[in-house]
């Protein structure tokens, strides 16, 4: 393992400035909050920092703050704390459920909200030293190779799937992301944060190189809103979603006033199932309608040679998750 220097900024602004200054000296930097993914990347060889910018000691960055217009979640909030927080569990249930679905208890204790959202892909080609798009190359080996876990929506030229459990739930709950750079701060809708490979084949989001995701805001849900998250994995623990769904329904009895469905494990970004949402909106939720929504959710899927199984699986996950809210 390459020797690196550790620095401890007092706040996010200082962290961003330290990153910019290090890069100006041709040094490779890495931000570390929980460090669970970073440590694995260092072991895999996909990261080799000269300077490790340790964010763990930044005060107040791991808190949930209630406000009249919703809640603000600190970027360094642990996934375990997020999953257990009473306010989040009550008002933003899908977010708490998604955080609780990540990895193992040990990972949830160490991993952070921002780290989970911004983690790099777990494609085996990228993680095993292939010169693919994500590693700075100009080919996606999965397109004609081992693609059982890869995208059925939004792929090309890279076919990775976004690895975050929490990201689909945040998008479904209409979250706002707060970003801090060396010279400024900005706020984006979660829907504007993630980018498809067609826009940028190397990176999965719009973060500038010295910019950090520092907090997430969630608006107060409308009256009658219920939300949930469901995840299918290929083993019990330490794995990412094969398929997942975050579903938010605004209900009046069994009548759906509004619907948001965001899929995970099927696309390079959290994937909105807009046709399914439109089918549910204004209708009484029944088993038959939920099944129709599941079918609508996979319309237009373009599977690769070895991942067509995700189409019926995704349809079933949407049907089951919608019905679970009634």
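Read-outs throughout are calculated quantities, based only on the coordinates presented, and are distinct from any laboratory measurement. These numbers come from a predicted model, not from an experiment. When we count neighbours, we look across all protein chains shown, and the Cβ atoms used for this are built from the backbone with ideal geometry, even at glycine.
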If one compares the long axis through the Cα atoms of helix 12-24 with the longest principal axis of the Cα atoms of the chain, the angle in degrees, nearest 10, works out at 60 degrees
Can you pull the semi-axes for segment 83-128, root of five times each eigenvalue of the Cα gyration tensor, sorted largest first, whole Å?
25, 11, 9
Quick check: the distance between the Cα centres of segment 165-184 and segment 23-83, to the nearest angstrom?
14 Å
Residue span residue 24 to residue 148: 0.36 nm per residue of separation minus Cα-Cα distance leaves a gain in nm of 40.6 nm
Within 10 Å of each residue's Cβ, count the other Cβ atoms and sort 118, 46, 187 from fewest upward.
187, 46, 118
Given R₀ = 41 Å, what would the calculated FRET efficiency be for residue 287 paired with residue 202, taking r from the Cβ atoms and rounding to 0.05?
0.40
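How do 141, 309 rank when sorted from fewest to most other Cβ atoms within 10 Å of their own Cβ?
In order of increasing Cβ crowding within 10 Å: 309, 141.
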Under Stokes-Einstein, segment 1-55 at 4 °C and 1.567 mPa s, with its Kirkwood radius over C-alpha pairs, diffuses with a coefficient in µm²/s of 115 µm²/s
When a/c reaches 1.5 or more, the comparison of a/b and b/c decides; with that in mind, is the chain rounded, prolate or oblate per its Cα gyration tensor?
oblate
Zone of residue 3 (label point 7 Å along Cα→Cβ, backbone N under 14 Å): which residues in segment 20-51?
50-51
Rg (Å, one decimal) plus Dmax (Å, integer) for the alpha carbons of segment 1-104?
16.2, 48
I need the per residue convex hull volume for segment 225-323, using only the alpha carbons, in cubic angstrom as a whole number.
96 Å³
Can you sort 285, 269 so the residue with the fewest Cβ neighbours within 10 Å comes first?
285, 269
Taking the chain as a Gaussian network, Cα atoms linked when under 10 Å apart, which of 13, 288, 47 shows the biggest mean-square fluctuation?
288
In degrees, nearest 10, range 0 to 90: what is the angle between the Cα axis of helix 287-297 and the longest Cα principal axis of the chain?
40 degrees
Roughly how far apart, in whole Å, are the Cα centres of segment 224-279 and segment 114-142?
25 Å
Of 72, 186, 23, which is the most mobile in a GNM of the chain whose springs link Cα atoms less than 10 angstrom apart?
186
If segment 175-284 were replaced by its equivalent ellipsoid, with semi-axes equal to the square roots of 5 times the Cα gyration tensor eigenvalues, what would those be, largest first, whole Å?
28, 20, 14
